[in-house]
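Have a look at the structure below, then the notes.
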Amino acid sequence: MSYLIKPANYKALLDLKQTELGIKQIKEFFQQNLSSELRLRRVTAPLFVLKGMGINDDLSGTERAVSFPIKDLGDAQAEVVHSLAKWKRLTLADYNIEPGYGIYTDMNAIRADEELGNLHSLYVDQWDWERVITKEQRTVDFLKQIVIRIYAAMRRTEYMVCEMYPQIKPFLPHDIHFIHSEELCQMYPDKTPKEREHAISQKYGAVFIIGIGCKLSDGKEHDLRAPDYDDYTTINPETGLPGLNGDLLVWDKVLDRSVELSSMGIRVDKEALIRQLALSGQEKRKELYFHKRLLDETLPLCIGGGIGQSRLCMLYLQKAHIGEIQASIWPEDMRKECAQLGMQLI
């Protein structure tokens, strides 16, 4: 079901022309900074891939991909991508990228099963990035180093936006706070995972939650992840806690709630893939093209993720609805109510 968060006394700080210019500046500035921080080269990415090769992402495993037949391929089915985690890893191998370097691209997707609202759209646009690493870098400490670099690019972009539009005031804290999903569960045992995210984000302003997808002490996952891209089961020897991945969230003062800007992590190696496929009952995936390549160890070890473009712009420009940033389809009653509340949906 769709939803609508209604911030009290909301008034957009920028008109439509200022907003469009701001979106352009943010996207150009941030991707340049991200590329410099992580030493990434831009590549061209597909909008759709062939079904049945294991390349498309399954996200939490329940979302349906938009598909269509290809006439010239005997009506073979193609799927609009959900994201590009697996495709990027294949591309790292194709380009023979060295450790310490990587790629980024504009990922455009359609997620037909999204619950539409202030933060969720049928249309998904993000920067997908992937970087080759060494075996020794498959650690939580290295994951944190990469997160800090990404957050530094986010703060520089915030400074640019505030210089461009003085009516927008900076809000991101100097440092990002790290916490494991199990520690968060122990801290707020009576809250749901989403309520925990709100509480920790409000407390620190910006937080990275480690271990998304692993089972917690209450028998549940903080959130679901497909078993074949992020490594959420490898144990950190220093803490005894599983997971080499996580989500980056910040506190949105306009919506008065946490907003996830990025999901990322160190990707599965051969051992983690076998383990996670078994735990999820998805061992049949071993026969798919992508998984065979990974099990044959012809794909590089890597770290990667996605960073929401519209969400980032929405946050910087202090908008209350993602439809103020991107053109999409919304329920008609939502459009009417948003107009009454001062949210001008594109």
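From the set of residues in segment 204-248 that are of a type in the set (Asp, Glu) and touching a strand residue (DSSP E or B) at 6+ places or on another chain (Cβ under 7 Å), which is surrounded by the most Cβ atoms within 10 Å (Cβ to Cβ)?
Among them, the one singled out is 230.
Based on this model, can you work out whether residue 201 counts as among the polar types (S, T, N, Q), open to solvent by less than 30 Å² (accessible area, probe 1.4 Å), assigned to a helix (DSSP H, G or I) and closer than 20 Å to residue 178 by Cβ?
In short, yes.
Run down 287, 271 and say which single residue is modelled with pLDDT under 95, open to solvent by 30 Å² or more (accessible area, probe 1.4 Å) and farther than 26 Å from residue 120 by Cα.
That would be 287, the only listed residue that is modelled with pLDDT under 95, open to solvent by 30 Å² or more (accessible area, probe 1.4 Å) and farther than 26 Å from residue 120 by Cα.
Considering only residues that are closer than 30 Å to residue 257 by Cα and free of Cβ contacts under 8 Å to residues at least 24 places away in the same chain, look in segment 115-145 and name the one that is least open to solvent (accessible area, probe 1.4 Å).
It comes out as 141.
What tally of residues in segment 146-162 results from selecting those that are touching a residue at least 24 places away in the same chain (Cβ under 8 Å) and open to solvent by 80 Å² or more (accessible area, probe 1.4 Å)?
Counting residues in segment 146-162 that are touching a residue at least 24 places away in the same chain (Cβ under 8 Å) and open to solvent by 80 Å² or more (accessible area, probe 1.4 Å) gives 3.
Could you list, in sequence order, the residues of segment 148-174 that are part of a helix (DSSP H, G or I) and charged (D, E, K, R)?
149, 155, 156, 158, 163
Of the residues that make up segment 82-105, is at least one closer than 30 Å to residue 337 by Cβ and at pLDDT 95 or above?
There is no residue in segment 82-105 that is closer than 30 Å to residue 337 by Cβ and at pLDDT 95 or above.
Report the residue count in segment 7-30 for those that are touching a Leu at 6+ places or on another chain (Cβ under 9 Å) and either under 14 Å from residue 312 (Cβ atoms) or exposed (fewer than 11 other Cβ atoms within 10 Å of the Cβ) (or both).
Counting residues in segment 7-30 that are touching a Leu at 6+ places or on another chain (Cβ under 9 Å) and either under 14 Å from residue 312 (Cβ atoms) or exposed (fewer than 11 other Cβ atoms within 10 Å of the Cβ) (or both) gives 6.
Looking at (1) open to solvent by 10 Å² or more (accessible area, probe 1.4 Å); (2) in contact with a helix residue (DSSP H, G or I) (Cβ under 9 Å, 6 or more places away or on another chain); (3) of a type in the set (Val, Ile, Thr), which is the one condition that is false for residue 105?
So the condition that residue 105 fails would be (1).
Filter the strands (runs of 3 or more DSSP E) completely within segment 42-110 down to those with at least 3 residues that are touching a Leu at 6+ places or on another chain (Cβ under 8 Å) and in contact (Cβ under 8 Å) with a residue 60 or more places away in the chain.
Hits in segment 42-110: 102-110.
Among 280, 310, which is open to solvent by 10 Å² or more (accessible area, probe 1.4 Å), over 21 Å from residue 139 (Cα atoms) and either under 16 Å from the mean Cα position of the chain (by Cα) or of a type outside the set (Asp, Glu) (or both)?
None of the other options fit; the residue is 280.
Only one of these conditions is not met by residue 145: (1) more than 29 Å from residue 39 (Cα to Cα); (2) assigned to a helix (DSSP H, G or I). Which number is it?
(1)
Is it true that some residue in segment 219-241 is in a loop (DSSP other than H, G, I, E, B), in contact with an Asp or Glu (Cβ under 6 Å, 6 or more places away or on another chain) and in contact (Cβ under 8 Å) with a residue 12 or more places away in the chain?
Scanning segment 219-241 turns up at least one residue that is in a loop (DSSP other than H, G, I, E, B), in contact with an Asp or Glu (Cβ under 6 Å, 6 or more places away or on another chain) and in contact (Cβ under 8 Å) with a residue 12 or more places away in the chain.
What single numbered condition from (1) open to solvent by less than 50 Å² (accessible area, probe 1.4 Å); (2) touching a residue at least 40 places away in the same chain (Cβ under 8 Å); (3) farther than 30 Å from residue 203 by Cβ; (4) not charged (D, E, K, R) fails to hold for residue 329?
Failed condition: (1).
Which members of segment 326-346 meet the condition of being in a loop (DSSP other than H, G, I, E, B) and more than 22 Å from residue 18 (Cα to Cα)?
Correct list: 329, 330, 331.
Okay, residues lined up against (1) over 20 Å from the mean Cα position of the chain (by Cα); (2) β-branched (Val, Ile, Thr):
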position: 92; (1), (2): no, no
position: 105; (1), (2): no, yes
position: 119; (1), (2): no, no
position: 128; (1), (2): no, no
position: 145; (1), (2): no, no
position: 151; (1), (2): no, no
position: 161; (1), (2): yes, yes
position: 166; (1), (2): yes, no
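Can you name the residue in segment 242-283 that is acidic (Asp, Glu) and part of a helix (DSSP H, G or I) and is also nearest to residue 179 (Cα to Cα) among such residues?
Step by step, filter segment 242-283, then rank; the result is 271.
Return only the number of the condition from (1) polar (S, T, N, Q); (2) surrounded by fewer than 19 Cβ atoms within 10 Å (Cβ to Cβ); (3) in contact (Cβ under 8 Å) with a residue 40 or more places away in the chain that residue 263 does not satisfy.
All conditions pass for residue 263, except number (2).
The values are calculated or read from the model by the stated rules, or taken from the named source; none is laboratory data. Source: prediction; values computed, not measured. Quick reminder, even Gly has a Cβ in these numbers, built from the backbone with ideal geometry, and neighbours come from all protein chains shown. Remember, those area values only see protein heavy atoms, side chains included, never the ligands or the DNA or RNA. Shrake-Rupley method; radii C 1.70, N 1.55, O 1.52, S 1.80 Å.
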